[in-house]
Amino acid sequence: MTMSLHDTIAAIATAPGTGGIGIIRMSGPDAAAILMRVFRPAGKNQDIPESHRLVYGKLTDGEQIIDECMAVIMKAPRSYTREDVAEIQLHGGRYVINKALELCLKAGARLAEAGEFTRRAFLNGRVDLSQAESVMEMISARGEQEHRAAVRQMNGGASSFVRKFSDELYGLQAGLAACIDYPEEISDEEGAGSLREGLEKLIEGLEKAMDEHASRLIYQGLQVALIGRPNVGKSSLLNALLGEDRAIVTNIPGTTRDTVHGEMTLNGFRVQLTDTAGIHETNDPVERIGVARSEKARREADASLLILDGSQPLDADDVELLRNFNGEGAVVINKTDLPQKITEADIHDIRKDMTCMTVSALDQESLQPLRDFLAGYVQVSDQQAVTQPRHLDAIRRAVRHLRDAEKTLDSFTPDVAATDLQAAQAALSEITGDSADEKLLDKVFSQFCVGK
Ligand SMILES: Nc1nc2c(c(=O)[nH]1)N(C=O)[C@@H](CNc1ccc(C(=O)N[C@@H](CCC(=O)O)C(=O)O)cc1)CN2
Ligand SMILES: Nc1nc2c(ncn2[C@@H]2O[C@H](COP(=O)(O)OP(=O)(O)OP(=O)(O)O)[C@@H](O)[C@H]2O)c(=O)[nH]1
Ligand SMILES: [Mg+2]
């Protein structure tokens with residue numbers, strides 16, 4: 001990406017489409033000058049508005065009035081980017097907003113790249129890289145837990161974490177340097193011994209800080225598959241759990257042919273429910289594909305619910321599914337509002353290891369034990385842990401380099417160990433962006449939306 005901080009960039013900051021108000025944002029040395037080429041303050045005073053003062057006026061193309069609007073200038077460094085920023089607040093119509101952007105571009109601004117405003121806030125030192133990332137997390141947060149992770153990061157959660165470990169690592173690097181420079185003063189045995197101890201402590205701390213389980217829960221949600229033979233009520237349960245009519249329900253076995261997804265929240269986490277085609281032997285080519293998809297959904301799920309129809313005796317398909325069930329999940333006996341032909345004891349005769357529940361898709365209250373069971377999978381204890389996938393990746397690499405350093409210490413090649421420690425330090429500093437190269441920045445900011 002070729003970019004210069006000398007450019008003044010412009011973009012639509014509000015969501016695409018029609019809204020009550022739409023905002024154009026500009027940042028860079030000419031932001032105020034460009035604004036004054038397209039904006040005419042109301043009244044006699046035609047001076048550049050005072051910083052941080054919202055003023056009323058007209059957007060004009062030089063001849064015609066395009067819209068009535070409000071504008072604000074925020075002089076550097078008291079702005080989002082630490083550069084001069086100008087914003088225009090217009091009526092939020094597609095035409096008006098696009099026209100305003102076009103006028104700003106004609107007046108000297110350049111269209112901003114995805115994430116470029118926030119990238120500038122980073123390059124100008126207002127935020128570190130993990131804080132910059134949190135902005136996008138804030139925008140994309142769909143649930144309470146995602147939002148909480150974003151707030152933590154915005155407040156420098158990851159940054160203070162990295163600083164702590166990075167300082168410890170600098171200590172080790174200094175120790176190692178002393179070993180290399182004054183081999184006679186520190187005997188190899190003694191020096192290497194305390195280094196090794198320090199490395200162990202560091203690795204342990206880093207590994208403890210990574211919460212991959214919580215990370216998956218926050219960024220992907222819990223995947224739950226509803227499986228079972230045809231007509232047991234999988235789709236009915238999906239609908240009941242979601243509280244909406246998502247999947248088609250009929251009394252004809254084989255109603256669901258493809259997987260159907262729905263999302264709900266439990267403990268502030270997203271839970272993705274996947275309803276599947278009833279699993280049974282079939283020659284129908286479409287159904288066969290559906291059954292294959294059911295099996296795939298089961299393999300990919302964090303937990304599966306094996307649904308049985310309690311109003312029917314266990315049949316051979318049920319028994320086979322029960323015997324073959326592996327991984328996380330539970331047995332759910334459905335249709336308990338009807339006379340029952342299956343008991344929990346019957347299930348435990350076949351699989352005494354499995355949790356079993358009885359519910360009726362027609363009765364919301366009966367679903368509470370099922371909800372509680374699923375909620376058991378979405379409990380995250382340590383809120384200080386590192387959960388952002390990019391940060392986890394950096395820490396994993398840092399740990400790998402530290403382990404390499406341990407090995408090279410064993411073979412008494414301290415200079416190689418020093419290189420490993422440097423590599424670990426570099427991996428850690430990618431989190432805050434202290435040693436970020438263009439490629440890393442491009443990767444992070446390309447995930448942003450334009451205007452952010
Ligand atoms: N109109 C508008 N609303 C917005 C934004 C914006 O850019 N424009 N934001 C954009 O995402 C968010 C708010 N985030 C912001 C973060 C920092 C600063 C800022 O000016 N910080 C300076 C000085 C603060 C001060 O006046 O003391 C600084 O931290 O140095 C502004 C907005 C959400 N709402
Ligand atoms: N009485 C009663 N009927 C239910 C219950 N759950 C589902 N049913 C009925 O059982 C029939 C089958 O329900 P579905 O939800 O379509 O079953 P399914 O497991 O998705 O079936 P396939 O998509 O064919 O695999 C429908 O007539 C539902 O109304 C329940 O808890 N009680
Ligand atoms: Mg179905």
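Answer with yes or no whether A330 is without any contact (Cβ under 8 Å) to a residue 12 or more places away in the chain, in the same structural domain as G262 (by TED's automatic domain parsing), more than 17 Å from S235 (Cβ to Cβ) and not basic (K, R). Step through it out loud before you land on a result.
Numbers: without any contact (Cβ under 8 Å) to a residue 12 or more places away in the chain: no; in the same structural domain as G262 (by TED's automatic domain parsing): yes; more than 17 Å from S235 (Cβ to Cβ): yes; not basic (K, R): yes.
Judged against the criteria, A330 is not a match.
Here are some residues: I203, I186. Which one is modelled with pLDDT of 95 or more and farther than 24 Å from S311 by Cα? Write out each step before concluding.
Numbers: I186 fails: modelled with pLDDT of 95 or more.
Exactly one residue qualifies, and that residue is I203.
Just one of (1) at pLDDT 95 or above; (2) over 15 Å from T276 (Cβ atoms); (3) polar (S, T, N, Q) fails for N326. It is (1). The test for being at pLDDT below 95, out of contact with any helix residue (DSSP H, G or I) (no Cβ under 9 Å at 6 or more places or on another chain) and more than 17 Å from V386 (Cβ to Cβ) does not hold for G143.
When only residues in segment 257-283 that are assigned to a strand (DSSP E or B) and among the aliphatic types (A, V, I, L, M) count, which is farthest from D245 (Cα to Cα)? So that I can check it myself, show each step before the final result.
Applying the first criterion (assigned to a strand (DSSP E or B)) to segment 257-283 yields 260-266, 269-275.
Okay, now just the ones that are also among the aliphatic types (A, V, I, L, M), so 260, 264, 266, 271, 273.
Numbers: V260: 11, M264: 13, L266: 19, V271: 17, L273: 14 Å.
Here the answer is L266.
Counting only residues that are under 39 Å from the mean Cα position of the chain (by Cα) and small (G, A, S), segment 301-350 holds 6 of them. There is at least one residue in segment 90-100 that is over 30 Å from the mean Cα position of the chain (by Cα), crowded, with 20+ Cβ neighbours inside 10 Å, in the same structural domain as N124 (by TED's automatic domain parsing) and assigned to a strand (DSSP E or B). Residues in segment 227-255 that are in contact with a strand residue (DSSP E or B) (Cβ under 6 Å, 6 or more places away or on another chain), closer than 20 Å to E281 by Cβ and assigned to a loop (DSSP other than H, G, I, E, B) were compared, and the one that is nearest to ligand 1 (Cβ to nearest atom) is G228. L169 satisfies every condition listed in (1) surrounded by fewer than 17 Cβ atoms within 10 Å (Cβ to Cβ); (2) assigned to a helix (DSSP H, G or I); (3) in contact (Cβ under 8 Å) with a residue 60 or more places away in the chain; (4) not polar (S, T, N, Q) except (1).
The values are calculated or read from the model by the stated rules, or taken from the named source; none is laboratory data. This structure is a prediction, so every number in the text was calculated from the model and none was measured. Positions of Cβ are backbone-derived with ideal geometry, glycine not excepted, and every protein chain shown enters the neighbour counts.
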